[in-house]
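Please read the structure below before turning to the comments.
We did not get these values from a lab; they are worked out from the coordinates using the rules stated. Model, not experiment: these values are computed from the prediction. Using ideal geometry, Cβ is built from the backbone for each residue, glycine included, and neighbour counts are taken over all protein chains shown.
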Amino acid sequence: MINLLRAEWKKLVGNRMLAGFTIWLYPVGLFAFILVMGVIFVFGGDVGAELGSSWEGPMLTTWNLVTRFPNASIGRLPLLAFMAVMVAGEYEWGTWKSLVPRSARWKLLLAKMLAMALILVFSIGLTSLISGPFRYTFSTILGVETAPGLPSAERVTFYQAYVLETLLAFIQSMYLACFASLSALLTRTIVGSLLLSFGLSMLEMLSPILLMLLSRILVRPGMVNAYAYFPSYLIDNLRSWVLHAQPVYTGFPDFSNDMGAGATVLLLTVLLCGFGLLCIWLFQRQDITN
């Protein structure tokens with residue numbers, strides 16, 4: 001399994017053109033933006049807001065590209081595009097035919113999903129480091145007035161929150177890998193996989209709004225409580241329990257399905273395993289060798 005994971009990592013990273021415009025879009029784009037702001041500052045521009053803020057906040061909010069609405073509604077799209085192409089491309093390029101006889105199908109698909117999720121977390125984590133320590137150090141070298149850092153007494157709390165955001169991003173990335181894999185397995189085309197995976201992601205992100213509309217149309221206020229069974233709610237709820245020891249506040253007037261921390265972890269695990277097993281089951285039943 002380790003060898004398969006390593007091979008998938010090399011394959012995914014090795015597609016430089018695709019990875020450059022999708023998975024590496026955020027770290028490279030942010031790095032270039034900071035350099036441009038530095039040049040503007042050298043020539044007398046006012047870039048204090050772009051370069052002079054503290055490093056802790058940007059490091060944490062970078063993970064919102066994957067985990068939190070509304071940032072994730074757009075931020076996920078390049079990452080999903082990378083995943084969808086890399087899975088559906090196996091069909092269009094005919095590479096499944098040479099890979100399947102060499103290893104168990106479930107291992108191939110699981111290794112691909114894990115590798116994609118890890119690369120996504122690595123990319124956003126690198127973006128986080130660029131938005132925090134790199135930008136802060138770069139600003140200090142240029143002489144930009146920066147905001148003071150955290151007191152030493154608060155740094156442990158920050159590190160705990162950062163580890164939590166990284167873990168939640170990995171969980172969300174696994175869900176995105178399942179969305180992309182399921183889309184590719186159903187459509188077997190790159191275009192179909194792109195459209196369906198985007199649709200599944202947007203449906204998951206906009207689920208509370210859609211449920212509220214349905215509940216009003218059908219005059220069933222309790223329908224909004226179904227939002228508690230979507231990954232976006234479960235991830236937000238788990239974050240709230242870890243950081244604040246209470247369920248997340250959704251702001252929906254008819255929502256009353258507040259879930260405990262244990263039930264949240266259990267349901268997150270069951271849903272993720274269910275998605276993964278569904279993808280593996282579909283892959284096992286497909287005829288891809290002819």
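The table that follows gives values for the structure above.
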| quantity | calculated |
| --- | --- |
| At 0.692 mPa s and 37 °C, Stokes D of the range 65-138 from Kirkwood alpha-carbon radius, µm² per second | 228 µm²/s |
| Spin-label model distance (nm) - TYR229 vs LEU277, 7 Å beyond Cα toward Cβ | 1.6 nm |
| Taking THR127, THR189 and counting other C-beta atoms within 10 Å, the order from fewest to most | THR189, THR127 |
| Pairwise FRET efficiency - SER103 versus MET17, Cβ, R0 = 22 Å, nearest 0.05 | 0.25 |
| Least to most buried among ILE23, ILE130 (fewest other Cβ within 10 Å first) | ILE130, ILE23 |
| Gaussian network model of the chain, springs between alpha carbon atoms under 10 Å - residue of GLU154, GLU165, GLU145 with greatest fluctuation | GLU154 |
| Calculated FRET efficiency for the pair ARG285/ASN64, C-beta based, R₀ 30 Å, to 0.05 | 0.20 |
| Relative packing of 277-285, 97-105, 173-181, which averages over residues the other C-beta atoms within 10 Å, highest first | 173-181, 277-285, 97-105 |
| Whichever aspartates and glutamates have a C-alpha closer than 14 Å to that of LYS97, once near sequence neighbours (fewer than 8 apart) are set aside | ASP287 |
| Euclidean distance of C-alpha centroids, the range 186-215 and the range 1-45, integer Å | 27 Å |
| Karplus 3J(HN,Hα) series, Hz, for the range 169-180 with 6.51 cos²θ - 1.76 cosθ + 1.60 (x for Gly, Pro) | 5, 5, 4, 5, 5, 5, 5, 5, 5, 5, 4, 5 |
| Pairwise Cα inverse-distance average, inverted: Kirkwood Rh of the range 1-118 (Å) | 16.8 Å |
| Order of TYR159, TYR227 under a 10 Å beta carbon neighbour criterion, fewest first | TYR159, TYR227 |
| Listed residues PRO148, PRO70, PRO208, most fluctuating in the chain (Gaussian network, C-alpha, under 10 Å) | PRO148 |
| Hydrodynamic radius of the chain per Kirkwood, over alpha carbon pairs, in Å | 20.8 Å |
